[in-house]
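Reviewing the structure listed below.
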Amino acid sequence: MYEARHQPPLTRARFVRRLLGHSAVAIGLIGTSLAIGMSGYAWFEHLSWIDAFLNSAMLLGGMGPVHFPQTEAGKLFAGLYALYAGLVFIVSAALLISPVLHRLLHRFHWDRSSGAKGD
């Protein structure tokens, strides 16, 4: 997926395209996760869609729930969704940071390795 050590870094245009691709995947993951959370809160806790959105968004953002579940099924869903939301938060951050970090490390290595080899 990424260029190898011996290859030159991507051009700025191709790097921006890579960032946009990673951003699209992260947005898709967050959107799908938000829909799952909203559906679960609406189904198990009978919350309105706006309250389900608020709870799901707060969990995905790492803030915690606003509405505390009242039913056993709702509590089970909320616990599992909270664990899932924590992982989505980490994966989304990694998706957005990894191209930048790779480019930084690749440029550092490329600058050092592309110098005079006889020195």
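Residue 96: out of contact with any Lys or Arg (no Cβ under 6 Å at 6 or more places or on another chain), assigned to a helix (DSSP H, G or I) and in contact (Cβ under 8 Å) with a residue 40 or more places away in the chain, yes or no? Judged against the criteria, residue 96 is a match. Every condition in (1) in contact with a Gly (Cβ under 7 Å, 6 or more places away or on another chain); (2) outside any helix (DSSP H, G or I) holds for residue 4 except the one numbered (1).
Among the residues in the range 58-73, are any within 30 Å of residue 108 (Cβ to Cβ) and of a type in the set (Gly, Ala, Ser)? Looking through the range 58-73, none of the residues is within 30 Å of residue 108 (Cβ to Cβ) and of a type in the set (Gly, Ala, Ser). Looking at the range 67-74, is at least one residue touching a residue at least 12 places away in the same chain (Cβ under 8 Å), surrounded by 12 or more Cβ atoms within 10 Å (Cβ to Cβ) and out of contact with any Phe, Trp or Tyr (no Cβ under 8 Å at 6 or more places or on another chain)? Checking the range 67-74: not a single residue is touching a residue at least 12 places away in the same chain (Cβ under 8 Å), surrounded by 12 or more Cβ atoms within 10 Å (Cβ to Cβ) and out of contact with any Phe, Trp or Tyr (no Cβ under 8 Å at 6 or more places or on another chain). Of the residues making up the range 36-66, those that are in a helix (DSSP H, G or I), farther than 16 Å from residue 80 by Cα and either aliphatic (A, V, I, L, M) or in contact (Cβ under 8 Å) with a residue 12 or more places away in the chain (or both) are 50, 51, 53, 54.
Considered as a group, the residues in the range 11-63 that are under 16 Å from the mean Cα position of the chain (by Cα) and among the polar types (S, T, N, Q) include one that is nearest to residue 78 (Cα to Cα), and that residue is 56.
Do we have any residue at all in the range 101-116 that's modelled with pLDDT under 95 and acidic (Asp, Glu)?
Yes - at least one qualifying residue is present in the range 101-116.
The values are calculated or read from the model by the stated rules, or taken from the named source; none is laboratory data. Fair warning: this is a prediction, and the values are worked out from it, not measured in the lab. Using ideal geometry, Cβ is built from the backbone for each residue, glycine included, and neighbour counts are taken over all protein chains shown.
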